[in-house]
Each structure stands twice: as structure tokens, then as C-alpha cells.
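To keep things clear, I will list the structure first and then write my remarks on it.
Read-outs throughout are calculated quantities, based only on the coordinates presented, and are distinct from any laboratory measurement. In this text, all values refer to a predicted model and were calculated from it rather than measured experimentally. Positions of Cβ are generated from backbone atoms using ideal geometry, with glycine treated the same way; all protein chains shown enter the neighbour counts.
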Amino acid sequence: MAAPTPGRAGIPQPRATPARRISVFLSQHARTRLGLLLAAPLFWLGAVYIVALAALLVTAFWTVDSFTGQVRTEWTLDNVIDVVTGALYQTVTLRTIGVALLVTIVDILIALPIAFFMAKVAGPRLRGILVIAILMPLWASYLVKAYAWRSVLSEGGVWASLVEPVGGETPGYGLPAVVITLAYIWLPYVILPIYAGLERVPDSLLEASSDLGAKTWRTIVSVVLPMLTPAIIAASIFSFSLSLGDYITVNIVGGTSQMLGNLVYTNVGAANNLPLAAAIALIPVSIMVVYLAAARRSGALENL
């Protein structure tokens, strides 16, 4: 074995092993290092997500044998045509979009004052406590939260005990209950992006607006909201997309109401019609593609 070559001042130089050559090469080529670092997660994303979506698209153009109930790889547009032209699917699509939009609007209206207080009013200690309080519901299971709201909204539940003495009524099970439950479940995902956007609004702008004589509402409308719009759009992506594909909450508190997720679930399970389920699933996928394209043009994706 060759002895290490003496370097300056007699200090031995490390041997040029293969591992050292690779290390030196990577230290000098940042793009190669970044590519190798991202190779594994990008491969996983491509294999699990993109391939799954491609399989979904292909399955939507297959058919089901009416006698055996087995899926046959015979290409047909019948499933897509039925979904696009069927009155049931059009009604459920509009209902699903309406619920998702309403949940998003409710969450944004609730999140804005909370996020503003956290970013601009609360001190560091109180801000940390509020962040923990917002994240705490995420520690509980989705099903636990949905069933908790089922008990709250039921006849004789917490809601009824609070409003009935003053002549109010519980919304019961239906679309209002779905909106309330989904708004509660997705609220933390809306607060945090808006809070992050408000933190990037310089306090000096608010002070300058006040010095120029602008009142609070004028400052919010003319200074804060234009700078906060990308963060609001980014936050809406979470609540809108998650509500668009939800079916569990609808099954728990929705009563007889149906959304697109329920139709997909029914056709995959009870009806055993995977091609039709795939065709229905293309509706929320298409909606989200358009929504994300619009969000990208607004620059909102940079706030995620």
C-alpha cells in the first residue's frame, strides 16, 4: 500500500479513493448534486402519483361486461359521455363545486382576522401559543373530528342545547352540516398560508398608511389585501381541493346528499364499475387543473 503523499509543510495528503473523487466531483457540480438529491422523491412522485393518474385516465375509457361484471379493456367513450351529459352528474358536480367554494369562503373569512392578529398584534409568546392551538386539531383523527361534529349537530346534541332555548334550530344532517364540518376540518390549512403572507407585509407600510391619514379599513383594502391576495389564493387551494374530493364527511353528516366523491366511492364499491368511477373522478381532476393553472398565473403557488 502506497504511503500518503506529503503536502505542504510535510502534511500528508489524503489518498485519492473513489469515494473522495465522487465527493470532490459533487462539490464542484451543484446541479448534479441537486439532481441526485431529488432523483428519489421525483421517481416516487412519478411512479405513485403521475402513473396513478395516467392509469385513472386509461381506465375511464374501458368498459364493464354486463354479464360477468368484469372490466374489459375495450376502448369506449360511453363512460365519459354519460358523465358529461348525465343530469345526475351535472347536478352533483355543481353541488360539489358549490360546497367547496362555500367552505373556502367561510374558512378565509374566519382565517383572515385570526392570521392578522397572530402576525401583527400578538407578541412572540402569544403567537407561539396560537400556532400550537391552530395545529392541535390536526393531531386528532379525521374520523374523530367528523363524528364529533355529527354528535354536535344531532337532535339533542350540543348545538341543539345551545340554540333551542332561544328559539333556534340545529341544522341537522345535510349540506349545511357538510359545510360546517369541512370548514372546521380544513381551517388550519387556510390560516397558516395567510399568516405566512401577512408576516411578509412590512409593518412600515401599515405605519405609513396611518401617517398619511388612512383609516383602518382603508389600509386593509388598499395596502394589505393587494399584497395578501396570492397568500389567500394559495390557502384556498387546500380547502377547495380537499373539499372537492371529500366523501367521508358527506357520508357522516350529509344525510342523503351526495358529492362527486360519493359517486366514485359507490361505483368502486357497491356498483363495482371501476371505469365509470374513473370517468367521474376525472371531473374534480379537471377542475383542479384549471384552478391550479389560474393560481399559477396569479403567482399564488409561490406562497405554498
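Among VAL48, VAL106, the order by Cβ neighbours within 10 angstrom, fewest to most, reads VAL48, VAL106. Computed 3J(HN,Hα) for the range 234-249, one whole-Hz value per residue from the Karplus formula 6.51 cos²θ - 1.76 cosθ + 1.60 where θ = phi - 60°, is 4, 5, 5, 4, 5, 5, 5, 5, 5, 6, 5, x, 6, 9, 5, 4, glycine and proline marked x. Pairs of alpha carbons in the chain separated by more than 35 Å make up 43% of all such pairs. Once backbone amide H atoms are built at 1.01 Å from N, VAL64 has ARG72 as its partners under 5 Å, excluding neighbours fewer than 5 places away on the same chain. Once the Cβ-Cβ distance between SER141 and VAL268 is put in as r, and R0 is 25 Å, what FRET efficiency do you end up with, to the nearest 0.05? That pair, SER141 with VAL268, gives E of 0.65. Charge dipole of the range 87-303 (Cα centre as origin; +1 on each Lys and Arg Cβ, -1 on each Asp and Glu Cβ, all else neutral): 280 debye, rounded to the nearest 20.
Please list log₁₀ I(q)/I(0) at q = 0.20 Å⁻¹ for the range 120-264, using the Debye equation with identical point scatterers on the alpha-carbon positions. Here the Debye-derived log intensity ratios amount to -1.14.
Each of LEU36 and VAL24 was given a label point 7 Å from its Cα along the Cα-to-Cβ line. The distance between the two points is 1.5 nm.
Quick check: convex hull over the Cα atoms of the range 60-104, volume per residue in Å³, rounded to an integer? Could you put the intermediate results ahead of the total?
Numbers: hull volume 4.3 nm³, N = 45.
Taking the convex hull of the Cα positions in the range 60-104, it is 96 Å³ per residue.
For the chain, the mean residue ellipticity at 222 nm estimated from helices alone is -21000 deg cm²/dmol, where every DSSP H run of n ≥ 4 contributes -39500 (n - 2.57) and the total is divided by all residues, rounded to the nearest 500.
For the pair the range 61-135 / the range 224-246, the C-alpha centres are spaced 12 Å from each other.
Cut-off is 10 Å between beta-carbons; in what order do LYS215, LYS145 appear when sorted fewest neighbours first? Please list the in-between numbers first.
Values: LYS215 10, LYS145 17.
Ordered from fewest to most neighbouring Cβ atoms within 10 Å, LYS215, LYS145 come out as LYS215, LYS145.
Between LEU94 and ASP65, the modelled labels are 4.0 nm apart [label points 7 Å from Cα along Cα→Cβ].
Explain nothing, just the number: relative contact order of the chain, from Cα pairs under 8 Å at least 6 residues apart, as a whole percent. Before the final figure, lay out each step's value.
Numbers: 315 pairs, mean separation 69.4, N = 304.
Across the chain, relative contact order equals 23 percent.
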